[in-house]
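The values are calculated or read from the model by the stated rules, or taken from the named source; none is laboratory data. Everything quoted here is computed from the prediction, not taken from an experiment. Here the Cβ is made from the backbone with ideal geometry for all residues, glycine too, and neighbour counts use every protein chain on show. With ligands, DNA and RNA removed, areas are computed over all heavy atoms of the protein, side chains included. Shrake-Rupley method; radii C 1.70, N 1.55, O 1.52, S 1.80 Å.
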Amino acid sequence: GSSGTTSWGSTIVGAAKAFREQHGTEPAEGARARAGMPENPEREGYAVHSFGAHFAEVRVHADTGEVRVPRMLGVFSAGRIVNPVLARSQFLGGMVMGLSMALHEASVVDHAFGHVVNHDFAGYHIASNADVGDLDAIWLDEEDPRSNPMGSRGIGEIGIVGSPAAIANAVHNATAIRVRDLPITPDKLLR
């Protein structure tokens, strides 16, 4: 899931500790050790989830109702970032997915047969990087000593979940119209 580094990373750290305990600092060639993901009693008393804040600037065309997003920023608390390049891409990709959810994505169902008729990228509109002008993601430089031995937390979906709300709030700020059904399409803004 969104916390793969926690799962397998904790297991690798556990195996490294077991190896060191069994073989010391100068192991024999071919030495092996085995360990599983260690128990973390601290997880019971603490929430060890990532969180973030999303900010979006929107422009709504007064005549057509078309929404554009010139800028988005995500600020995240996700513990220790193990791979900054990958994490940044994960955050940005999630934010573009959230933008897509907010403005484009809608499944169209054929009520006669119950099938989704826009079931491929030819008919299902999704956002691309060109749909947002200035996109940035930053994170707090921190470690979470209670989450796992690496101090990391999951980042898989955290870039997605706040983006649609930030865009919807920015649209409300621009138009005074509160849209509660996604996607935010021009027909919902033209009254």
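Let's see how each residue does on (1) under 16 Å from SER152 (Cα atoms); (2) at pLDDT 90 or above:
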{"site": "GLN22", "(1), (2)": "no, yes"}
{"site": "ALA35", "(1), (2)": "no, no"}
{"site": "GLU39", "(1), (2)": "yes, no"}
{"site": "HIS49", "(1), (2)": "yes, no"}
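Which of the residues spanning the stretch 143-160 are surrounded by fewer than 16 Cβ atoms within 10 Å (Cβ to Cβ) and within 14 Å of VAL75 (Cα to Cα)?
GLU157, the sole residue that qualifies.
Rundown of residues vs (1) within 15 Å of the chain's Cα centre (by Cα); (2) surrounded by fewer than 21 Cβ atoms within 10 Å (Cβ to Cβ); (3) part of a loop (DSSP other than H, G, I, E, B); (4) of a type in the set (Ser, Thr, Tyr), yes/no style:
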{"position": "ILE81", "(1), (2), (3), (4)": "yes, no, yes, no"}
{"position": "MET95", "(1), (2), (3), (4)": "yes, no, no, no"}
{"position": "LEU99", "(1), (2), (3), (4)": "yes, no, no, no"}
{"position": "PHE121", "(1), (2), (3), (4)": "no, yes, yes, no"}
{"position": "ALA130", "(1), (2), (3), (4)": "no, yes, no, no"}
{"position": "GLY133", "(1), (2), (3), (4)": "no, yes, no, no"}
{"position": "ILE138", "(1), (2), (3), (4)": "yes, yes, no, no"}
{"position": "ASP141", "(1), (2), (3), (4)": "no, yes, yes, no"}
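Here are some conditions: (1) open to solvent by 20 Å² or more (accessible area, probe 1.4 Å); (2) out of contact with any Pro (no Cβ under 8 Å at 6 or more places or on another chain). MET72 meets all but one. Which one does it not meet?
Condition not satisfied by MET72: (1).
Filter the stretch 168-182 down to residues that are surrounded by 10 or more Cβ atoms within 10 Å (Cβ to Cβ), small (Gly, Ala, Ser) and farther than 16 Å from THR64 by Cβ and give me whichever is farthest from the chain's Cα centre (by Cα).
So, considering only residues that are surrounded by 10 or more Cβ atoms within 10 Å (Cβ to Cβ), small (Gly, Ala, Ser) and farther than 16 Å from THR64 by Cβ, the one farthest from the chain's Cα centre (by Cα) is ALA170.
Restricting to the stretch 101-119, what's the tally of residues that are in contact (Cβ under 8 Å) with a residue 24 or more places away in the chain and open to solvent by 70 Å² or more (accessible area, probe 1.4 Å)?
Here is the first cut: in the stretch 101-119, the residues in contact (Cβ under 8 Å) with a residue 24 or more places away in the chain are 101-106.
With the extra rule that they be open to solvent by 70 Å² or more (accessible area, probe 1.4 Å), the set shrinks to 101.
Total meeting the criteria: 1.
With the structure loaded, tell me whether ALA31 is farther than 30 Å from GLY98 by Cα, modelled with pLDDT of 90 or more, under 33 Å from the mean Cα position of the chain (by Cα) and among the small types (Gly, Ala, Ser) or whether it fails that test.
Numbers: farther than 30 Å from GLY98 by Cα: yes; modelled with pLDDT of 90 or more: yes; under 33 Å from the mean Cα position of the chain (by Cα): no; among the small types (Gly, Ala, Ser): yes.
Judged against the criteria, ALA31 is not a match.
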